[in-house]
């Protein structure tokens, strides 16, 4: 799953907002369904790992000029959730970029 969110912020501002709101990423999933961990391997990428129903879903957020690209590698069993997850990522991801 890949979602691109356009923005008109500097990378520094996007990075600051993502750091500030990283703990809210679990809210992309229905309440209590996911445990999410994050890490920053470099200043323009935040790695995300979600554990959902005993399955590990790796992904990340790539910070680019003018856009943020969010990718999650859904296991086959969870691919039926792709549409609702993409909608949630668009909605909540936009909120995470807000001040």
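The values are calculated or read from the model by the stated rules, or taken from the named source; none is laboratory data. Since the structure is predicted, the reported quantities are computational estimates derived from the model, not experimental observations. Note that each Cβ is placed from the backbone with ideal geometry, even for glycine, and that neighbours are counted across all protein chains shown.
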Among residues belonging to segment 1-13 that are over 12 Å from residue 89 (Cβ atoms) and touching a strand residue (DSSP E or B) at 6+ places or on another chain (Cβ under 8 Å), point out the one that is surrounded by the most Cβ atoms within 10 Å (Cβ to Cβ).
7
Filter result (closer than 17 Å to residue 5 by Cβ, assigned to a helix (DSSP H, G or I) and in contact with a strand residue (DSSP E or B) (Cβ under 8 Å, 6 or more places away or on another chain)) within segment 48-99
85, 86, 89, 90, 93, 94
Scope segment 14-43; condition surrounded by 14 or more Cβ atoms within 10 Å (Cβ to Cβ) and at pLDDT 85 or above; matching residues:
14, 15, 17, 18, 36, 38, 40
Subset of segment 52-89 [touching a helix residue (DSSP H, G or I) at 6+ places or on another chain (Cβ under 9 Å), at pLDDT 85 or above and more than 22 Å from residue 19 (Cα to Cα)]:
55, 74
